[in-house]
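The values are calculated or read from the model by the stated rules, or taken from the named source; none is laboratory data. This structure is a prediction, so every number in the text was calculated from the model and none was measured. Every residue, glycine among them, receives a Cβ derived from its backbone with ideal geometry; neighbour counts consider all protein chains shown. For the accessible areas, the whole protein counts, side chains as well, though only heavy atoms, and no ligand, DNA or RNA atoms are used. Shrake-Rupley method; radii C 1.70, N 1.55, O 1.52, S 1.80 Å.
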Amino acid sequence: DVKVTQSSRYLVKRTGEKVFLECVQDMDHENMFWYRQDPGLGLRLIYFSYDVKMKEKGDIPEGYSVSREKKERFSLILESASTNQTSMYLCASEGQGSSGNTIYFGEGSWLTVV
Amino acid sequence: RKEVEQDPGPFNVPEGATVAFNCTYSNSASQSFFWYRQDCRKEPKLLMSVYSSGNEDGRFTAQLNRASQYISLLIRDSKLSDSATYLCVVNRAGGSYIPTFGRGTSLIVHP
């Protein structure tokens, strides 16, 4: 089974802190994504990456950056956390499954910024 | 118009009922379509892909209508355990695969 691991499940950070959210996948997938999910707004794409050291902005990249130094690891960085970044963050990896291209999600990271 | 639109519901149905959800998409060049299921405070998980000819998996049937740009999910003989949010996913056409999610349709199956 594909495994996407988000090591930090629940975090509480102060406004202005730098926050790192780590994501690791074990299926050698090239494509990885970071979403945030908020009530009534669904999943919104923050950043994605198709290869090591490659990154592309999604729909809401402001206030975020990413790092992809190794194929299996895709990190989301909040340079200076703000209260409007309180959300659930979902990392996803995309590759071939039995149903064609399939997206696999990590369990999510619940971030509260106070 | 949003790229992917779904009726948020909730759809409140009794056990054993048949229920159907639709999802419309705006980009006629979109190529791949999926339904995901998400339980409360959990990550989304693949329910089924949607093929051009339609496809069935047990009690679940998915269909694609390219002319009208919508996909549908039919659930027969609803179970209590089917209660969840169902997310429509469409790849964003233009070369690379960028999955775009609808906001989800909430289903509540009651005894």
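The table below lists the values:
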item: Heavy atoms of A:Val19 accessible to a 1.4 Å probe, total area in Å² rounded to 10; result: 0
item: Backbone N within region A:75-114 under 12 Å of label point (7 Å from A:Ser7 Cα along the Cβ vector); result: A:75-76
item: Dipole of chain B, positive direction: furthest Cα of B:Gly58, B:Phe33, B:Ile98, with charges on the beta-carbon; result: B:Ile98
item: Size of electric dipole in chain B: Cβ of Lys, Arg +1 and of Asp, Glu -1, about Cα centre, debye, nearest 20; result: 260
item: Averaged over B:99-108, number of beta-carbon atoms from partner chains that fall within 10 Å; result: 4
item: Solvent accessible area, Å² - B:Arg92, 1.4 Å probe, full protein context; result: 50
item: Residues of the protein assembly as shown: accessible area per residue with a 1.4 Å probe, Å²; result: 48
item: Sites B:Gln69 and B:Asn12 - FRET efficiency at Förster radius 30 Å, r taken between beta-carbons, to 0.05; result: 0.65
item: Accessible area buried between chains A and B, both sides summed, probe 1.4 Å, in Å² to nearest 100; result: 1800
item: Largest to smallest accessible area among A:Thr102, A:Thr15 [probe 1.4 Å]; result: A:Thr15, A:Thr102
item: Computed magnitude of the charge dipole of the protein assembly as shown (debye, nearest 20; Cβ of K, R +1, Cβ of D, E -1); result: 360
item: Calculated FRET value between A:Arg73 and B:Ser28, using beta carbons and R₀ = 41 Å, to 0.05; result: 0.70
item: Cysteines not pairable in chain B (beta carbon separation under 4.7 Å absent); result: B:Cys40
item: A:Arg73 accessible area, assembled protein chains, probe 1.4 Å, Å²; result: 100
item: Paired Rg and Dmax values of region A:21-114, which use every Cα atom, in angstrom; result: 12.9, 42
item: Partner chain coverage, peptide A:13-20 - average Cβ within 10 angstrom; result: 0
item: Listed residues A:Leu43, A:Met27, A:Ser87: farthest to the positive end of the dipole of chain A (Cβ charges); result: A:Ser87
item: Pair A:Asp38, A:Lys57: separation of 7 Å Cα→Cβ label points (nm); result: 1.8
item: Percent of Cα-Cα distances greater than 29 Å, calculated over the protein assembly as shown; result: 27
